[in-house]
Structure formats: structure tokens, C-alpha cells
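Chemist: Quick one: this structure, given as C-alpha cells, is what I'll be asking you about.
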Amino acid sequence: MKKIIALMLAVVFALSMIACSSDNAKTTSTAETKTEAKTGDADSTNKDEKKTLVMGTSANFPPYEYIENEEITGIDAEIAAAIAEKLGMKLEIKDMEFESIIPAITQHSIDIGLAGMTVNEERLESVNFSDSYAKGVQVVIVTEDSSIATIDDLEGKKIGVQSGTTGDIYCTDDYGQENVKQFTNGALATAALKNGQVDCVVIDSEPAKAFVASNTGLKILKTTYADEDYAAAIAKDNEELLKKVNDALAELKSEGKLDAIINKYIPAEGKAE
């Protein structure tokens, strides 16, 4: 009888060990599945992030970038969207002060800067630039009754500029900081001209046309201050993106899409020579 009981106990113990082993296997399998799912989600998130091209701009520079119906639009916004499409990416646009764009690029909080930005030696120390996609011309806005008739007449005058732009850089170099008043955007500089706070405003020809059109009593001098090339700014350690952007720009140019975007906002007869 004792042998029978001992045998029965042995069978029960063996069965319980098998059950425990099976439960442990199930638990381990479930844990591994959860880990794999989490890893898969992270990979998916990283891929999604890489599928977005983040552009920085300063949306108060018409027709290159401005806000319409609560959305950023303009030449740079459309060119960036066309580039993103070529790269198989979504476009995200961040609006910021013009002076913040290059620091945002170097800190990698944005991928690319398009803001009617001129290529110059100072900026090339911090970022790389794509091939030029448009030409810019710096002009002078004055009141219709102004005594300023040519660039030579700017000596000793109070000049309004958008802070951080090439107009700011040129005028500060040429006439001294004491004769230059910086504003966060061209609209404020133009308002200061109307109010008599400055004697003129130096800014790109296209936004100058928009500002003069919306403000009576102002005009643009026929002489130009400087000719420039506009390009996209990209971090120096992102050579891969620089090449992709240049390839995309070349394709857009050959397809006629680049000129079509610019001509949409700046009719051929309205372009500066």
C-alpha cells in the first residue's frame, strides 16, 4: 500500500513540475514579445522622424514667406515642399525670428533654413549653403518727399533694417552701428520710416514692393544697394542632406518647377534686374 501511495505522490510531483515549467515558458515568451513590440515601436518612431524635413523660416518676408489664412506660404515654403516631396519626406515649417534660424540649424532643432537667406562669408562659418535657387536685390525705401535720391545720400542718415539680415550687415559695415536701427522684421522698419524714426529702410526688393504697396507715401529708389544669391542653409555635419537638397533643386530646375514657383509670386515683368 505504501508503495502505491509513494508512486502516486511521485506522479503528482512530476506533473506539477511539468506544469510549472510550461508556465515559465509562457511567461518568458510573453515578456520577449512585449520587448520586441517596444523595440519595434521605437524603430518605427525613428523612421517617422527621419521622414520629416523640418524647415526654419521667418514668416514676415513676402513673397518668400508670409502667413495667409493662418498658414505659412510663399516662395520658400513651396520650394521646401517640393524638395521634401523629391526626398520622400513630409515638410514641417517652424516660424521664428530670422536671427534664430542659423543657431537652430547648428543645434539640430531644425534641418534646413529657407528665409530669403543670402549666402555670405560670415554665415558660411556656421552653416553650409545649397546651390542658389533665387536672386535677391537689396534696395532702399524712402518717403516720397525724401531728400535721399541715391545710395550716396545715405551717409549720416538713420537707416532702418531687419535685424540679422544682409541689409543690416551691409549698412552697419558701411555707415556704422550708430546710424543703423534694427527691427525684428521689415514691416516694423517700414512703420518706423512712416513715423519718422528712420530716414530710409534697406531691405530685399520683393518685400520692399509689398511694403510700399501697402503703405502710401513711400517709394523705392531706382538704384540698388546690393545683388545677392539666396540658398538653403544646412548644418555643416549634414553633408548627406546637402547633397540630397542640391540634387532635388537641380531636378526642380530642369523640370521647370523652380521657375514656376518663383514666377507664381514674382511675375517676370516685376523682377529686379
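The values are calculated or read from the model by the stated rules, or taken from the named source; none is laboratory data. Given the structure is predicted, the values throughout are model-derived calculations rather than measurements. In this analysis, Cβ positions are derived from the backbone assuming ideal geometry, glycine residues included, and neighbour counts consider all displayed protein chains. These accessible areas exclude ligands, DNA and RNA; they are computed on the full protein's heavy atoms, side chains included. Shrake-Rupley method; radii C 1.70, N 1.55, O 1.52, S 1.80 Å.
Chemist: Just give me the residues in segment 214-233 being of a type in the set (A, V, I, L, M, F, W, C) and modelled with pLDDT of 95 or more, in sequence order.
Modeler: Correct list: Leu218, Ile220, Leu221, Ala231, Ala232, Ala233.
Chemist: Tell me, yes or no, whether segment 59-77 has at least one residue that is part of a helix (DSSP H, G or I), within 30 Å of Lys264 (Cβ to Cβ), of a type outside the set (Val, Ile, Thr) and at pLDDT 95 or above.
Modeler: Taking every residue of segment 59-77 in turn, at least one turns out to be part of a helix (DSSP H, G or I), within 30 Å of Lys264 (Cβ to Cβ), of a type outside the set (Val, Ile, Thr) and at pLDDT 95 or above.
Chemist: Does Asp204 qualify as being of a type outside the set (Val, Ile, Thr), open to solvent by 60 Å² or more (accessible area, probe 1.4 Å) and under 30 Å from Leu241 (Cβ atoms)?
Modeler: no
Chemist: Of the residues that make up segment 223-240, is at least one surrounded by fewer than 19 Cβ atoms within 10 Å (Cβ to Cβ) and more than 25 Å from the chain's Cα centre (by Cα)?
Modeler: Yes, that holds for at least one residue.
Chemist: Please name all residue pairs, on different chains or six or more residues apart, with Cβ atoms under 7 Å, provided the first residue is in segment 213-230 and is more than 17 Å from Gly167 (Cβ to Cβ) and the second residue is open to solvent by 60 Å² or more (accessible area, probe 1.4 Å) and aliphatic (A, V, I, L, M).
Modeler: The qualifying pairs do not exist here.
Chemist: Any residue in segment 155-180 that's of a type in the set (Lys, Arg): show its pairings with residues that are open to solvent by less than 10 Å² (accessible area, probe 1.4 Å) and at pLDDT 95 or above at Cβ separation under 7 Å, as long as the two are six or more apart or on different chains.
Modeler: Once the first residue is of a type in the set (Lys, Arg) and sits in segment 155-180, its partners that are open to solvent by less than 10 Å² (accessible area, probe 1.4 Å) and at pLDDT 95 or above give Lys157/Ile148; Lys157/Cys200; Lys158/Val198.
Chemist: Output the qualifying pairs, or none if there are none: Cβ atoms under 7 angstrom, residues six or more apart or on different chains, first residue in segment 241-261 and of a type in the set (D, E, K, R), second residue at pLDDT 95 or above and open to solvent by less than 20 Å² (accessible area, probe 1.4 Å).
Modeler: If the second residue must be at pLDDT 95 or above and open to solvent by less than 20 Å² (accessible area, probe 1.4 Å), the pairs left are Lys257/Ala82.
Chemist: Restricted to segment 174-189, and to residues that are part of a helix (DSSP H, G or I) and either more than 22 Å from Lys135 (Cβ to Cβ) or among the small types (Gly, Ala, Ser) (or both), which residue is most open to solvent (accessible area, probe 1.4 Å)?
Modeler: It comes out as Glu178.
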